[in-house]
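The values are calculated or read from the model by the stated rules, or taken from the named source; none is laboratory data. This structure is a prediction, so every number in the text was calculated from the model and none was measured. Methodologically, a virtual Cβ is constructed for each residue, glycine included, from the backbone with ideal geometry; neighbour enumeration extends over all protein chains shown. For accessibility, only protein heavy atoms count, side chains too; no ligands or nucleic acids. Shrake-Rupley method; radii C 1.70, N 1.55, O 1.52, S 1.80 Å.
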Amino acid sequence: MNTNFKDEYRKWIEKLSKQNFDELILNYAKEYYETRNVFISDGPYDGGIDLIYSINDKQIKRNIQITVQQNKYENKLEEDLKKSKENIDEYNYLNTLDFYISQPISPEKKKKLIKNADINYQITLRIIDANELAGLAQEFKSIRQTIHKFNKAVFPEERLSIDTNTKILFDTLSMGRDITSIKNNFIQSLILTHLYTRPNETVECIYNSLSSIFYNKFERNFFETEIGKLKSESKIIDIPGTSPKQFKLTDDTKNKIEEIENNSQTHEAELIFSFKEVLGRFNLVDETESIVKLIIELYNANYELDENELLNGVTKHSNKIQKIFENLINHLTSKHGINVNDANSIARQLLIVCSKNEFLNKISVSKMFTNLFKSDKLESYLNSSKRKVYLDTQILLQTICFNYDDIEYDDRLYQAVKSFLEIVESSDIPICLHTTIGYVEEVAWHILNGVKLARFLELDFIKDLGPSKNVFFNYFLELRENHIGDFESFADFVEELLDVNAKIQNETRFIEELIQNLVERFELLNIVVETPPLFDNYDAYRRQYEISLSYLRHDQKSYEARKHDLNTILHLSQLHFDMEDGYFTEPYLITWDTSFYEVRSSFNRFKELSHWYVYPPMKFANTVSVMNMRIDSNAINYNIISLAEENFNLSNDAISFLDIINGLFTDKDVKKWKLVNKLAKMRKNLLHESNIEDFSKTRNNSLPIDEFLLLVQRHYQNPINRKKYRDIVCLFQNNDYADKIANLIETNLGNFQIKNEIKPSIITKLDELIKENNEAPNSPSSPLR
């Protein structure tokens, strides 16, 4: 465990009774000395020895005393030293005394007592007090388990309302090592956990109790076979003299499951106290129970996507998770008057706590496995058939960065793709990575935009423009800040990264060369680049695609991005036949773009199209981990964050003002742009004036000016509108029009913030200004006067 619970453990240890503290030291000694032969001998005739242990059947002559005295323990220690001295002189005991005490002793006091033992008795004294035991709890699970065992009765409210079988099911399942028999291991694990809670049962009783869990898919003789296997493997035994035969666990199996249960209880208690530690900072300890329920609901919902994807292709899952996350925020804000910033901080701190604790991850995975038995596709889900996985643009961008240099980078998207690639690489299940030429083209344009962004580093007001979404530009800044690589400029970094001349003379030629280099780079990374064919009925598909996107609350995809996404969707929807294995497969798309869920659902009306899956990277990585029986404890954290944070939907929701400006201004001399300065000041004022409660309602904390400029940009980029994009660029770069454009934007932001659309009159006004600018003597260039 990474979380330190030393203070909680110390408080618990101080409250233990003599009998319970003896057991704590007994269990610790077994683990520390790696022997089962440990006994408590405390009593009036113990000869000054409270604990005896043997190693390899040889008793170790060691002076050990155990006490829970709060007062006058110094007097007891003095008596124990006298007894120890006698044992050393007359019975050849080791010249030491281990003094275990359930109370904390200050370092100064310890030094004084140790000095007294050395000078007056010539004994090496070791004092193991409550502080030291609490510190050892992180290393020795025997301490953690024993502490929780005796405190769960004292603190019954610390218990979560989840049954024991569910808690320990996944751990029991993981006792099996044969990945090809996951399904049978799962069934056998349920039988074992059933016998753990209800021993001495017949096959008939086991069948009646468990059949419904498997949705009545298995006959009685199936259970007889599985019970026979467990018996042959010495995991269960039949009870002599019973008719019909009754079964129970062997001692080894029972001990294993008992250890699993203890671990589960310990992790559960640690999780609750970590929650209380976070909530205590905001005086919300009394809300622990209600908040824990919301967190459990969030985790369970997180795993439902695997099940629903497999069964029904359900599309609204991300909305459900976002709703639960919002419920958690609303619970904190409405009931306790906590501001939104603090509420978000609390929620994220709680999720970080969850990521460091195995408890919620395992119970959710167990639930997912149980639910999977509803489906006849379980066999195909669990078998080792090849998975055909397609990566969209955002995943490709992070993949290039990760493969260039795996740095310590505090970027959740980089970390998510890193984990995804590592899990795919280590998977026992064969996974083939693919992408489309359209997404490679988007990567190339992304790099070009990054090169153009380097101009803004000259501006002293660059921070007022906000951050960029450009993956390579941000990655370059991280490398530069941490002094990784010797790059004089971003162009040098691009040349080093992709072996292409970034001193751009001709954009078209640069993109063509870059696409060729990228295709070769991805093939070296074992990512196959495919070119989707021309599709029949394309216009009907395109219309349905546009209709689906229109239902989304916010969509900012460019015309080219829409075209590439549609081509990929149709390519995924084709029947994919694996020539090597001789069967059809259903491909996966790895993306953060939730619009694919809506589109895939609406495309169900086309019966000629096949099903495909859509997953964010850590969802797929976690699914692969389950199939491989190697759960990544970090996966759930990245996954929850990916699904619950405001900017989960990168392609649709996140807006970068800096990236928009980068597209609207093409001249290299950034310091001459009068309008950029005005827009930056306008954005800075809006950010300052925004009330946080109202601000949180906007998309990803995007300001009205961000969305306004984005829609203007998209309008003039869309070929359907029959406009020339270079015309709006020339207008924006003409300093003579800076005041008019700034006033036009500022006077219309209030109405825009309410309706989230641009009035036709604004476009008409911009068109008039464009016409006026184009008819000026120096047009069609973009003069800066």
| request: Go through the range 383-398 and give me each residue that's in contact with a Leu (Cβ under 8 Å, 6 or more places away or on another chain) and not in a loop (DSSP other than H, G, I, E, B). | output: Val389, Tyr390, Leu391, Gln394, Gln398
| Does the range 262-284 include one or more residues that are in contact with a Ser or Thr (Cβ under 7 Å, 6 or more places away or on another chain), assigned to a helix (DSSP H, G or I), closer than 30 Å to Leu328 by Cβ and open to solvent by 40 Å² or more (accessible area, probe 1.4 Å)? | yes
| note | Counting only residues that are surrounded by 15 or more Cβ atoms within 10 Å (Cβ to Cβ), modelled with pLDDT of 85 or more, assigned to a helix (DSSP H, G or I) and not polar (S, T, N, Q), the range 4-42 contains a total of 15
| query | Given the conditions (1) of a type in the set (A, V, I, L, M, F, W, C); (2) in contact (Cβ under 8 Å) with a residue 24 or more places away in the chain; (3) part of a helix (DSSP H, G or I), which single one is not true for Phe493? | reply | (2)
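Of Glu219, Glu226, Glu261, Glu233, which residue is among the acidic types (Asp, Glu), in contact (Cβ under 8 Å) with a residue 24 or more places away in the chain and more than 24 Å from Asn357 (Cα to Cα)?
Being among the acidic types (Asp, Glu), in contact (Cβ under 8 Å) with a residue 24 or more places away in the chain and more than 24 Å from Asn357 (Cα to Cα) holds for just one of Glu219, Glu226, Glu261, Glu233, which is Glu226.
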| said: I'm checking my understanding of the structure. Among residues of the range 224-243 that are part of a strand (DSSP E or B) and among the hydrophobic types (A, V, I, L, M, F, W, C), which one is surrounded by the fewest Cβ atoms within 10 Å (Cβ to Cβ)? | reply: Ile237
| task | Out of the residues in the range 423-454 that are touching a residue at least 40 places away in the same chain (Cβ under 8 Å) and among the charged types (D, E, K, R), state the one that is farthest from Arg562 (Cα to Cα). | result | Asp428
| field | Residue list for the range 98-131, restricted to those being more than 16 Å from Tyr73 (Cα to Cα), crowded, with 17+ Cβ neighbours inside 10 Å and without any contact (Cβ under 8 Å) to a residue 40 or more places away in the chain | value | none
| Some residue of the range 43-59 being under 24 Å from Trp12 (Cβ atoms), surrounded by fewer than 17 Cβ atoms within 10 Å (Cβ to Cβ) and without any contact (Cβ under 8 Å) to a residue 60 or more places away in the chain | no
| remark: The lone condition Leu97 fails out of (1) assigned to a loop (DSSP other than H, G, I, E, B); (2) over 17 Å from Trp12 (Cα atoms) is (1)
| query | Under the condition of being among the hydrophobic types (A, V, I, L, M, F, W, C) and open to solvent by 20 Å² or more (accessible area, probe 1.4 Å), which residue from the range 468-485 is nearest to Glu442 (Cα to Cα)? | reply | Leu477
| note | Only one of Asn216, Asn165, Asn221 is modelled with pLDDT under 80 and in a helix (DSSP H, G or I), namely Asn165
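How many of the residues making up the range 244-261 are modelled with pLDDT of 85 or more and open to solvent by 30 Å² or more (accessible area, probe 1.4 Å)?
Here is the first cut: in the range 244-261, the ones modelled with pLDDT of 85 or more are 244-255.
After this cut, where a residue has to be open to solvent by 30 Å² or more (accessible area, probe 1.4 Å) as well, the list is 244-246, 248, 251-252, 254-255.
Final tally of qualifying residues: 8.
Working only within the range 399-443, note down all residues that are aromatic (Phe, Trp, Tyr), assigned to a helix (DSSP H, G or I) and open to solvent by 10 Å² or more (accessible area, probe 1.4 Å).
Step one: of the range 399-443, the residues aromatic (Phe, Trp, Tyr) are 402, 404, 409, 414, 420, 439.
The next check asks that each one be assigned to a helix (DSSP H, G or I); those that pass are 402, 404, 414, 420, 439.
Phe402, Tyr404, listed by residue number.
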| For residues in the range 725-739 being at pLDDT 80 or above and either hydroxyl-bearing (Ser, Thr, Tyr) or not in a helix (DSSP H, G or I) (or both), which is most open to solvent (accessible area, probe 1.4 Å)? | Tyr737
| Hey, Leu566 hits all of (1) crowded, with 16+ Cβ neighbours inside 10 Å; (2) modelled with pLDDT of 80 or more; (3) in contact with a strand residue (DSSP E or B) (Cβ under 9 Å, 6 or more places away or on another chain) but one; which does it fall short on? | (3)
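Residues are listed down the side, and each one gets a yes or a no for (1) part of a loop (DSSP other than H, G, I, E, B); (2) surrounded by 12 or more Cβ atoms within 10 Å (Cβ to Cβ):
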| site | (1), (2) |
| --- | --- |
| Phe487 | yes, yes |
| Ala502 | yes, yes |
| Phe510 | no, yes |
| Arg521 | no, yes |
| Val528 | no, yes |
| Pro533 | yes, no |
| Arg543 | no, no |
| remark: Scanning the range 740-750 for residues that are touching a Leu at 6+ places or on another chain (Cβ under 9 Å) and open to solvent by 20 Å² or more (accessible area, probe 1.4 Å) gives Lys740, Leu744
